[in-house]
1. Compute the Cα gyration tensor for chain A, then decide on rounded, prolate or oblate, letting a ≥ b ≥ c be the square roots of its eigenvalues: rounded whenever a/c is under 1.5, prolate when a/b is larger than b/c in the other cases, and oblate in all that remain.
2. Please state the charge dipole magnitude for chain A, taken about the Cα centre, from unit charges on C-beta atoms (+1 on K and R, -1 on D and E), reported in debye and rounded to the nearest 20.
3. With +1 on the Cβ of every Lys and Arg and -1 on the Cβ of every Asp and Glu, and nothing else charged, how large is the dipole of the protein assembly as shown about its Cα centre, in debye rounded to the nearest 20?
4. Counting protein heavy atoms only and a 1.4 angstrom probe, how many square angstrom of accessible surface do chains A and B bury in total, to the nearest 100?
5. State, to one decimal in nm and shortest first, how far the label point of A:ARG152 sits from each corresponding label point in the other identical copies (label point: 7 angstrom along Cα-to-Cβ).
6. Quantify, in whole percent, the carbon and sulfur part of the accessible surface of segment B:1-56 (1.4 Å probe; protein heavy atoms only).
7. Give me the dipole magnitude in Debye, nearest 20, for segment A:5-85 about the Cα centre, with unit charges on the beta carbon: positive for Lys and Arg, negative for Asp and Glu.
8. In sequence order, what are the phi-derived ³J(HN,Hα) couplings for segment B:59-72 according to the Karplus relation 6.51 cos²θ - 1.76 cosθ + 1.60 with θ = phi - 60°, rounded to whole Hz, with x for glycine and proline?
There are 2 protein chains.
Amino acid sequence: MQLSPLAQSFVLHFGEMGSRWGINRTVGQIYALLYLAAPRPLCADEIVEALGVSRSNVSMGLRELQGWNLVVPRHLPHDRRDHFTTPEDVWQILRILAEERKKREVDPTLSVLRELLMQPATTPEDRHAQARMAEMHALIEQLTTWYDDVKRLETERLVALLRLGAGVAKMLDVKDRMKGRVVALTRRRGAAEKKKEG
Amino acid sequence: MQLSPLAQSFVLHFGEMGSRWGINRTVGQIYALLYLAAPRPLCADEIVEALGVSRSNVSMGLRELQGWNLVVPRHLPHDRRDHFTTPEDVWQILRILAEERKKREVDPTLSVLRELLMQPATTPEDRHAQARMAEMHALIEQLTTWYDDVKRLETERLVALLRLGAGVAKMLDVKDRMKGRVVALTRRRGAAEKKKEG
DNA sequence: CGGCCTTTTCAGACTTTTCTGAAAATACGG
DNA sequence: CCGTATTTTCAGAAAAGTCTGAAAAGGCCG
């Protein structure tokens with residue numbers, strides 16, 4: 001499979017971006033290629049040919065991508081070779097990406113912060129340091145709580161929420177003005193257990 | 001300045017995480033140190049002593065952090081040396097981080113996608129590739145539009161929005177049930193220009 | 001200006017990461 | 001089982017990134 005200039009540009013761009021995203025060039029390129037091809041699965045040799053990298057490099061890249069759940073293996077009938085593809089739905093990809101990055105980039109920090117906050121602080125410096133850590137911890141908790149909540153929405157609702165944007169904040173004002181009437185309505189639908197209203 | 005074990009752990013963790021975040025170890029450590037010390041600014045030599053890295057390394061690290069707007073220089077009276085600190089408010093830090101990461105990690109992709117989508121597609125493969133790119137482009141546009149909207153909120157409101165979480169989606173349901181009454185109220189306050197209702 | 005203190009630059013040493021080819025392992029049909 | 005097709009592993013080459021010390025540059029005050 002020879003890449004068209006169009007696909008080539010896309011693939012090369014993802015290779016470049018790879019470094020900024022903390023993945024390596026080849027991995028970025030493989031992903032880009034599979035993304036473009038989706039839903040058609042490619043086998044390793046097609047990837048080798050399209051990208052001009054070694055077979056072993058592709059093997060390792062595919063393994064890493066599977067570790068991220070960004071690529072899934074597929075078996076085609078009458079073909080012994082493994083084939084690979086990415087989930088087709090971009091919103092699904094977004095969810096996976098968010099989940100995996102959280103797991104790798106946020107969770108470890110959260111757990112270190114928790115641990116350090118448990119330790120007794122003896123000096124004023126340490127007390128100050130813990131106060132700073134507590135602020136960071138609270139922020140991350142708030143973000144991850146929001147994320148855990150939002151990620152459960154079906155895509156259609158997630159899109160609606162995004163489209164609304166800051167409009168939500170305005171709705172909060174409205175809610176305040178309505179002195180609890182919307183809240184009451186929401187409760188009636190069994191929705192408001194988890195949140196604390198103003 | 002000698003680091004306590006508590007501060008040490010925090011700093012080392014940020015050093016480690018640095019690689020996953022696409023920044024280097026020293027830069028991560030310098031940032032962690034300044035974050036803990038904030039609002040007290042530190043001079044380069046204090047950083048050198050605390051981290052045990054070379055003066056030149058600190059100089060480069062500080063420059064990078066200034067490029068990210070995560071660290072700002074300060075001049076202390078009666079001291080010719082430059083001092084540095086991070087913004088004290090974690091929400092402010094979050095905003096800066098989001099903005100800079102978007103600039104480096106999202107915007108370039110968005111512009112590549114736009115460019116590639118402008119090009120005429122001749123083959124069926126290219127048409128398919130462009131369709132895939134269009135999906136990705138639409139997703140990113142939606143996310144950045146939401147982000148541009150939300151980032152303008154004052155912190156207090158942003159927090160309220162986060163606390164609400166997926167509750168927003170429930171509010172959307174309520175809105176539907178109320179057959180436009182909330183929308184009308186919102187409009188009266190001049191908030192709903194930009195969004196398309198159901 | 002000249003001396004002193006501070007910061008920046010940068011060539012190259014060092015470290016880490018990426019990539020490859022060759023060999024080993026695995027899977028599968030006959 | 002055997003032979004073939006395919007994938008994985010891995011040692012080391014290559015590339016990329018990080019860090020340092022020495023030297024240059026910058027800035028300030030007398």
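The values are calculated or read from the model by the stated rules, or taken from the named source; none is laboratory data. Quick caveat: nothing in here was measured; it's all calculated off a predicted structure. Every residue, glycine as well, gets a Cβ built from its backbone with ideal geometry; the counts of neighbours run over all protein chains shown. SASA here: full protein model, heavy atoms, side chains in, ligands and nucleic acids out. Shrake-Rupley method; radii C 1.70, N 1.55, O 1.52, S 1.80 Å.
1. Oblate shape, in that a/c is at least 1.5 and b/c is the bigger or equal ratio.
2. 980 debye
3. 1920 debye
4. Values: alone 13980 and 13970 Å², together 20880 Å².
Interface between A and B: roughly 7100 Å².
5. Relative to the other copies, A:ARG152 has label-point distances of 3.2 nm.
6. About 53 percent, which is the carbon plus sulfur part of the accessible surface.
7. Details: 8 positive and 7 negative charges, 24 e Å.
The calculation lands at about 120 debye.
8. 4, 5, x, 5, 4, 4, 5, 5, x, 8, 6, 8, 9, 10
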